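First the structure, in the form of structure tokens, and then the observations on it.
Every number here is computed from the coordinates shown, using simple stated rules; none is lab data. The model shown is predicted, which means the values in this text are computed figures rather than measured ones. Here the Cβ positions follow ideal geometry from the backbone for every residue, glycine too, while neighbour counts run over all protein chains shown.
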Amino acid sequence: MNPSSLAGRLRAETERADERRLLVLAGDRDAGFDAAYDVVETAGFADDGVTVVTEREGFRFERVHPKHAGDLLGTTRDCVVLDAHGEFSPNAVGRLVGAVDGGGLLVLLTPPLDDWPDARGGFDEYLAVPPFTVDDVTGRFRRRLVETLRQHPGVAVVDVDRDEVERDGLTDAPAATPRTTPAAPGDAVFPALAYESCLTGDQARAVRSLERLRGSGHAVVVEADRGRGKSSAAGLAAGSLAAEGRDVLVTAPGSRNAAEVFARARELLSGIGALAGERDDGDDESGPHLRTIEGGHVRFADPPTAATLPDGPDVLLVDEAAALPVRLLERFLDAPTAGFFTTIHGYEGAGRGFSVRFRDRLAESDLAVRDVHLAEPIRYARGDPVESWAFRALLLDAQPAVDPLVVDADVESVEYRDLTPDDLAADEHLLREAFGLLVLAHYRTEPTDLARLLDAPNLTLRALLHDGHVVSVALLAREGGLDAELRSEMYDGGRVRGNMLPDVLTSQLRDEDAAVPVGYRVMRIATHHAVRSQGLGSHLLQRVREEFAADVDWLGVGYGATPELLRFWERNGYRTVHLSTTRNATSGEYSALMLDPTSEAGRELQSRHTDWFLRRIEGVLSDTLRDLDPDVARAAIRATHGDAPLDLTDRDWQVVAGASYGPGLYGTAPRAFRDLAVRTLSDPDGPELSPREERLLVRKVLQCTPWDDVADALDYHSTGQCMRSLGNAYKPLVDAYGSDVAHAERGRYTE
Ligand SMILES: CC(=O)SCCNC(=O)CCNC(=O)[C@H](O)C(C)(C)COP(=O)(O)OP(=O)(O)OC[C@H]1O[C@@H](n2cnc3c(N)ncnc32)[C@H](O)[C@@H]1OP(=O)(O)O
Ligand SMILES: Nc1ncnc2c1ncn2[C@@H]1O[C@H](COP(=O)(O)OP(=O)(O)OP(=O)(O)O)[C@@H](O)[C@H]1O
């Protein structure tokens with residue numbers, strides 16, 4: 001078959017089967033573009049159904065820069081041409097593969113496939129973080145990708161230099177079975193049209209489950225791969241609920257998903273004659289708003305606003321829940337009843353934050369949880385080979401080992417292993433288990449991370465294996481060891497990629513020498529959920545330390561701080577050096593940075609930053625971190641094991657001791673109380689306070705929260721009781737740290 005007739009045959013097959021095919025045009029870049037034009041013509045695509053993703057310009061089709069490939073998420077195109085010669089990135093593939101409609105083609109322009117793994121492009125530059133250079137980057141990800149292109153069903157490969165078809169990609173797929181319109185169940189409560197509007201049986205099942213949201217105290221969680229119609233299911237439910245007079249608040253991280261929700265709700269309400277009016281979202285920042293004849297509403301609010309449950313909605317629907325910070329999601333649990341719609345196996349590990357952290361909170365909440373899974377794709381037939389190619393090539397569906405294989409793992413049974421990129425590339429099972437564990441345990445793992453794992457020179461992976469299965473992994477990034485020029489660039493605010501800890505210490509904490517020592521930052525650590533809390537994570541860190549202590553100056557970590565994680569790292573010898581002053585956009589948490597020194601230079605670095613952290617934390621908590629969870633503050637300060645400076649004058653001590661044991665007042669010298677608070681919270685051998693007393697110290701004394709709010713937050717009967725408790729909490733501090741003057745003052749009231 002000649003290349004030009006191939007496109008026509010592929011198109012005929014895709015249309016018949018309602019599937020997509022992937023066509024690789026390998027060879028010279030210009031020849032590839034010429035061939036792509038031929039494909040569009042021969043296959044008979046209309047120009048306005050074609051999108052070209054490239055940094056080049058001057059096409060008669062829609063053209064999207066690779067950096068903006070995300071714009072194609074959720075859109076529907078007949079043909080997408082991805083130019084992989086220039087700024088190719090694995091993420092771009094993941095983002096746009098779902099946009100191609102059944103009957104369409106994804107066209108990939110690549111260098112000759114045999115040369116591609118060793119060719120070096122923009123993505124390799126990106127992986128070459130200082131002090132490494134592009135020569136240190138390897139081509140394993142592309143080698144693996146090429147293998148999948150040559151093996152996976154539904155992928156055609158044409159050598160455009162020789163004008164030869166290497167693989168035709170035809171699968172002889174049977175004709176798609178025509179879709180039947182779902183009917184309303186006999187006892188349906190939602191209008192029949194809500195069911196008849198569904199495009200798949202799965203979608204109708206989801207709508208059926210969403211009927212529960214008519215009552216309060218329910219949570220329905222709808223999970224699906226991309227393009228299964230979950231936003232539309234949300235819209236049909238929203239319209240049905242509002243038709244009965246309910247007030248439905250819809251939120252989503254981006255307006256695109258909300259648009260799908262509102263389109264379906266609007267169609268349904270018009271269809272059953274229940275739409276009373278509509279406010280356009282044109283100039284109105286509060287977003288679209290539908291009103292129904294029965295007095296119901298479907299209205300939009302952005303996530304932070306929605307979290308305040310404005311005007312007390314009856315039902316809250318959260319689309320793309322997985323993309324929202326867990327802190328916000330938790331606040332949504334106060335809604336009377338709620339639906340969460342989330343993508344799993346998305347291009348960027350969306351769904352992870354949701355399943356990793358939010359799931360637990362949901363289970364603990366008062367809401368009765370119901371899960372629905374949508375499997376049937378809307379845009380193309382089930383079993384589409386391009387979707388399964390993307391899952392395989394990008395490991396979108398990588399999973400850790402199944403529970404029975406690892407439940408017996410313990411510190412004695414496991415083997416510590418260096419999982420080299422070669423090991424991973426040669427053993428798909430090992431790669432899937434290791435990557436699956438990393439993905440599941442982190443809220444944001446992208447296809448690009450897979451490429452990093454295989455090719456980036458600064459990364460290295462260590463694992464604990466039980467019977468050959470991965471039970472715990474740690475991904476380490478080598479950082480620091482930068483030359484004077486780079487250090488000064490960093491100090492002056494220049495971004496030096498891939499050096500997170502040295503960068504923060506240098507540029508934000510103004511330490512120009514911080515990037516001299518070399519260390520390994522634990523980028524990710526995860527233990528299989530079936531064997532957590534059995535010491536495996538700690539064991540892995542201990543083995544890592546043994547292996548690297550002689551080579552580097554420090555081990556370090558930076559992560560979204562929770563009290564549990566801070567305790568985990570503290571127990572493993574890591575000490576706090578910084579709390580970030582802005583929240584992580586995805587997790588909603590403030591990051592903690594910690595170091596575990598392994599050499600004299602490392603100890604120097606850690607101790608000067610821990611000391612300084614203890615000096616500045618008072619100011620930070622009273623200003624930038626006023627809203628930090630007090631339990632995070634307690635755990636972060638505790639994890640310094642520091643020696644906070646205590647510089648109280650005699651008069652200060654008289655006030656503190658007088659306020660604890662006598663008639664003195666806290667408000668006359670708050671700074672003295674602050675110093676003492678930091679000292680006691682950081683002192684591993686200090687006096688024992690109850691968790692509530694420690695929270696009182698953080699909220700009132702360090703975060704300067706007004707008395708009434710503190711009393712409220714900590715459940716004191718009255719503000720007076722809260723004030724007396726603060727005095728009492730300082731008694732053991734006066735006893736432990738007080739000077740002679742302090743003790744004399746105490747004596748006046750106790751003897
Ligand atoms: C840089 C980063 O990656 S930070 C993010 C760390 N990774 C994650 O949060 C992914 C999900 N969590 C996990 O995979 C594991 O819980 C890990 C890696 C944090 C700990 O691994 P484990 O094998 O359980 O560690 P180990 O048994 O040595 O220590 C357990 C301790 O971790 C602490 N811990 C940390 N996170 C949690 C959590 N979410 N829930 C409960 N305990 C936790 C507890 O203090 C626990 O002690 P306990 O068992 O006495 O309650
Ligand atoms: N019942 C329906 N009626 C009309 N169009 C629908 C319906 N269900 C889905 N669609 C269309 O199918 C496509 C995917 O649907 P939707 O956006 O609801 O799915 P999703 O699972 O949220 O997808 P994504 O994750 O890609 O955003 C959209 O273009 C949408 O307009």
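A few remarks follow.
- Projecting the Cα atoms of Thr445, Ala338, Gly44 onto the dipole axis of the chain, where Lys and Arg carry +1 and Asp and Glu carry -1 at the beta carbon, places Ala338 farthest toward the positive end.
- Antiparallel bridge percentage (DSSP; both residues within segment 192-374; nearest 5): 25 percent
- A DSSP coil position with no more than 15 other Cβ atoms inside 10 Å describes the following trypsin sites (Lys or Arg not before Pro) in segment 522-601: Arg532.
- Note: relative contact order over the chain, using C-alpha pairs below 8 Å and six or more positions apart, is 9 percent.
- Efficiency of FRET from Cβ geometry, Ala375 and Glu412, R₀ 51 Å, rounded to 0.05: 0.80
- Nearest-ten-degree value, helix 385-394 long axis tilted from longest Cα axis of the chain: 30 degrees
- Modelled spin labels at Phe59 and Glu428, positioned 7 Å past Cα toward Cβ, are 3.1 nm from each other.
- Between the Cα long axis of helix 650-661 and the first principal axis of the chain there is an angle of about 80°, rounded to the nearest 10.
- Measuring nothing but alpha carbons in the chain and taking Rh as the Kirkwood radius, the Rg to Rh ratio lands at 1.02.
- Sorted by Cβ neighbour density within 10 Å, fewest at the top, the residues Val40, Val656: Val40, Val656
- Dipole of the chain [Lys/Arg +1, Asp/Glu -1 at C-beta], most positive-end residue of Pro400, His373, Val155: His373
- Lysines with Cα under 17 Å of Lys731, excluding same-chain neighbours fewer than 8 positions away: Lys700
- The distance linking segment 670-711 with segment 116-173 is 58 Å (Cα centroid to Cα centroid, whole angstrom).
- Axis angle, to the nearest 10 degrees, between helix 719-737 and the longest C-alpha principal axis of the chain: 70 degrees.
- When each of the peptides 698-709, 477-488 is scored by how many other beta carbons lie within 10 Å of its residues on average, the order from highest to lowest is 698-709, 477-488.
- Evaluated at q = 0.13, 0.19 Å⁻¹, the base-10 log of the normalised Debye intensity for segment 3-167, with identical point scatterers placed on the Cα atoms, takes the values -0.58, -1.26.
- Contact order for segment 3-167, expressed relative to its length and based on alpha carbon pairs under 8 Å spaced 6+ residues apart, stands at 30 percent.
- Computed [θ] at 222 nm, deg cm²/dmol, the chain (DSSP H ≥ 4; -39,500 (n - 2.57); rounded to nearest 500): -11500 deg cm²/dmol
- Burial ordering of Ile525, Ile344, Ile293, fewest other beta-carbon atoms within 10 Å first: Ile293, Ile344, Ile525
- By the count of other C-beta atoms within 10 Å, a proxy for reagent exposure, Phe435, Phe548 are ordered fewest to most as Phe548, Phe435.
- Here's the picture: charge each Lys and Arg Cβ at +1 and each Asp and Glu Cβ at -1 in the chain, and of Val516, Leu536, Ala736 the one pushed furthest to the positive end of that dipole is Ala736.
- For the chain, DSSP calls about 45 percent of its internal beta bridges antiparallel.
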